[in-house]
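These notes concern the structure reproduced below.
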Amino acid sequence: MFDSAVRIGFLHAAALSPEQHAAREWCEAVAPVVERVSLPEVASGSVDLDRYDALWWHRDAVLESPEIGAAAPEIYEYVERGGGLLLSLRALRAVSELGVDPIAPDATGVEEADVPTGYLLKSIYADRGVFEEFDGLRVATCEPGQEAPYARYERVLPERGEPLGGGIHGEEDRFHQLPLVSWRVGEGSVLGAGSALAFDGPADGEPATDRSRLVGSLLATLARGEHLGTPRPRSGEGLTAMRERLDGDPQRPSYHLTPPANWLNDPNGLIEWNDRYHVFYQYNPGGPMHGTIHWGHAVSDDLVHWEDEPVALSPSPDGPDRDGCWSGCAIDDDGTPTLLYTGGRGRSQLPCRATTTDPGLRTWEKDPNNPIIPEPPADLEVIASEHWEAEFRDHCVWREDGRWQQLIGAGIDGEGGAVLRYTGDDLSDWEYAGPLLIGDWEGAGGMWECPELLDLGETQLLHVSNYEDVIYFLGGVEDGRFRVETRALLDHGDLYAPQSLFGDDRYLLWGWIPEARDERAQWEAGWSGTLSVPRELSAENGELRQRPAPELEALRRSHARHVDLDVADGRREFDVRGRSLELRATLRSDAEEAGIGVFESPDGVERTSIRLTDGELIVGREDSSLAESVVSPRRMPIDDLARPIELRAFLDGSTLELFVNERRCLSTRVYPTRPDSDGLSVYARDGRALFEEFELWELGSAWDADP
Ligand code: DQQ
């Protein structure tokens, strides 16, 4: 594990505790040279830290601040010159005092579990030296019954550190407890391992062996001057490099917007600025789970090819957005790009504002007066939930008759989901102007998130997301209230929390298509969530039209076209195979069922079916994946649609988006596991299906700027 001449400096503040004794003894048994280094002596300048290949501070007692005091600059400079520092258990809290990270772990305590506990390694780093040694991502390092003090990030993230892993508690994964973090400081590195380490206990058994392997490899890596993981990616290029680590994942969409790694949910702040399209999105840099939400950022010149930009908004440790920068919108305030978003802190969520003068919209200044609306309307019974004292969030803003208008999503106790309307002379001073619409609890849900009002010319469209579906209403606003004429689902699959961009006389809408696999599978993949392709929205004859943005055609590569494909009671396979495809089918059928098989393995073991009957389009997912994932079908009524059926399908890794007759959409997720699950077929059962036209294109990647 260690090179023969390695010298470890074992830091301590005062007399060693039994746990520190045990740790030092263990270290002496595995490393060639281990010397005690007292922090007061470091502070007095009498120790030459450069003697050591790595320093280790393993501390079980509560860290009193300021404990390191004058030793901090010495240690910081040692690391900066190329040294390595391991901080374990509560020593991890010293990162702020050492100047390594302004944000210290927010959770400390002592844990004693009746199951083995340990570390849940991040899959994107699984091939890195230290982690490579383990068989899988779950590493138990602490025996049941052992007391282990801890320090870890739970509700906040380090600002400069890159989380390398979460925790395990027996069979349970603890995605939100992040004890394993790496920092790059100048030429050197700091590693933190803040939990599940107790040397003062059994020295054999599996957890003891894995504890030795883990701590030994962390120290050995530091001593060799190697960097573990990446530094927290700051630049667009850094994020793209992280993205490239996931390139080999066949379930990862290639032309849909995905996070570089980690978690994505709602699209936010869509804006065209200086001739570039900006898409921000809810992003957790901590891992592929919802939490510690930042705003990720991608930019495009053509709506098709995207580049990663640095994270645009991060929670401020002292701000009203400490626990998350939730969804919001971007506005052109007379030449000043402005974001209105929801800040979360403790049990409250309140509107916040940020502006920029950066033409690339990369850096944002938060309004020092945030939150700009201090509480939900006092005369409304806004519902509370387990997490929130009032469900009050997400923003849609526009200017009308010289005044700003704002919509915020909420739920009213005993009534239903609500869209609340505010007006203002400027974007920081708002007055409540009553509900735009309150729904019925039974029919449309108790809470409406992400409301958006769009003016489609002949009608207005209001959409809201009610935890399950995106419901849209067509109608108009009269005296500040929305008059509903029709109501329907924007998507019959899993699209959620969409937002639109207005430009060139049209609305383009993106939505979040969440994962349908469980959290463990998402952790193993290293990423979660994708946005839909952009959809053009319009109204014709009182009906909503949704069509893929024509710009997507720029992704088309090889093409195949079949005319009058007649399938009677049978199946026909295509030569073209692929996981990133666009299909266009014009279908007349008198069969009981006709359809298209996609993501098919040659033996048909894996297969997703797009089935059309007279009345319904059904996406059959029962055979989509050999892995455990969702199998329930997704259904959409089509009985009222004109024939022939015009179907457009976008397949991409694990994403399937369907547009029927430019009227109805269904977006969902499937997870073929086999590399050869990339086949395509058409079929008919009990009757004849005529595909008057069947076209397919292989599509290029969104991240390939020069395809
Ligand atoms: N996602 C955001 C909220 C919004 C929800 C939090 C909808 O602002 O209400 O990540 O998915």
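Couple of notes before you dig in:
- Considering residues of segment 86-113 that are part of a strand (DSSP E or B) and of a type in the set (Ser, Thr, Tyr) only, the residue nearest to Ser316 (Cα to Cα): Thr108
- For segment 475-499, filtering for residues that are within 20 Å of Trp510 (Cα to Cα), away from the ligand (no atom under 16 Å from the Cβ) and either buried (at least 21 other Cβ atoms within 10 Å of the Cβ) or of a type in the set (Val, Ile, Thr) (or both) leaves 1.
- Residue match in segment 296-304 (condition: closer than 28 Å to Val533 by Cα, in contact (Cβ under 8 Å) with a residue 24 or more places away in the chain, in contact with a Pro (Cβ under 8 Å, 6 or more places away or on another chain) and in a strand (DSSP E or B)): yes
- In segment 44-59, the count of residues that are under 40 Å from the mean Cα position of the chain (by Cα) and basic (Lys, Arg) is one or more.
- Among (1) assigned to a strand (DSSP E or B); (2) within 22 Å of His227 (Cβ to Cβ), the one test that Phe134 misses: (1)
- Flag for Asp266 being free of Cβ contacts under 8 Å to residues at least 12 places away in the same chain and not hydroxyl-bearing (Ser, Thr, Tyr): no
- Listed by first and then second residue, the pairs with beta-carbon distance under 6 Å, at least 6 apart or on different chains, first residue in segment 79-96 and touching a residue at least 40 places away in the same chain (Cβ under 8 Å), second among the basic types (Lys, Arg), are Leu89/Arg59; Arg90/Arg59; Ala91/Arg59.
- Of all residues in segment 646-683, those that are part of a strand (DSSP E or B) and closer than 21 Å to Val576 by Cβ total 17.
- Qualifying residue in segment 357-371 (condition: within 16 Å of the ligand (Cβ to nearest atom) and surrounded by fewer than 23 Cβ atoms within 10 Å (Cβ to Cβ)): yes
Each row is one residue, and each column tells you yes or no for (1) in contact with a strand residue (DSSP E or B) (Cβ under 8 Å, 6 or more places away or on another chain); (2) assigned to a strand (DSSP E or B); (3) not hydrophobic (A, V, I, L, M, F, W, C).
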site: Val477; (1), (2), (3): yes, yes, no
site: Thr486; (1), (2), (3): yes, yes, yes
site: Gly493; (1), (2), (3): yes, no, yes
site: Leu508; (1), (2), (3): yes, yes, no
site: Arg517; (1), (2), (3): yes, no, yes
site: Trp523; (1), (2), (3): yes, no, no
site: Ala539; (1), (2), (3): yes, yes, no
site: Arg547; (1), (2), (3): yes, yes, yes
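- Of the criteria (1) under 19 Å from Ala525 (Cα atoms); (2) crowded, with 23+ Cβ neighbours inside 10 Å, which one Glu171 fails: (2)
- Any chance Ala312 is more than 15 Å from the ligand (Cβ to nearest atom) and within 15 Å of the chain's Cα centre (by Cα): no
- Residue that is within 19 Å of Arg535 (Cβ to Cβ), aromatic (Phe, Trp, Tyr), touching a residue at least 60 places away in the same chain (Cβ under 8 Å) and within 16 Å of the ligand (Cβ to nearest atom), where the choices are Tyr281, Tyr277, Tyr341: Tyr281
- Considering (1) under 24 Å from Arg152 (Cα atoms); (2) modelled with pLDDT under 95, the lone condition that Ala70 does not fulfil carries the number (1).
- Residue within segment 326-334 that is within 14 Å of the ligand (Cβ to nearest atom), of a type in the set (A, V, I, L, M) and under 25 Å from Arg234 (Cβ atoms) present: no
- Remark: pairs (first residue in segment 552-567, in a helix (DSSP H, G or I); second residue at pLDDT below 95; Cβ separation under 6 Å; 6+ apart in sequence or on different chains) are absent.
- All strands (runs of 3 or more DSSP E) inside segment 415-472 with 2 or more residues being within 16 Å of the ligand (Cβ to nearest atom) and of a type outside the set (Lys, Arg): 416-426, 449-455, 460-465
The values are calculated or read from the model by the stated rules, or taken from the named source; none is laboratory data. Computed from a predicted model, the values in this text were never measured in an experiment. Quick reminder, even Gly has a Cβ in these numbers, built from the backbone with ideal geometry, and neighbours come from all protein chains shown.
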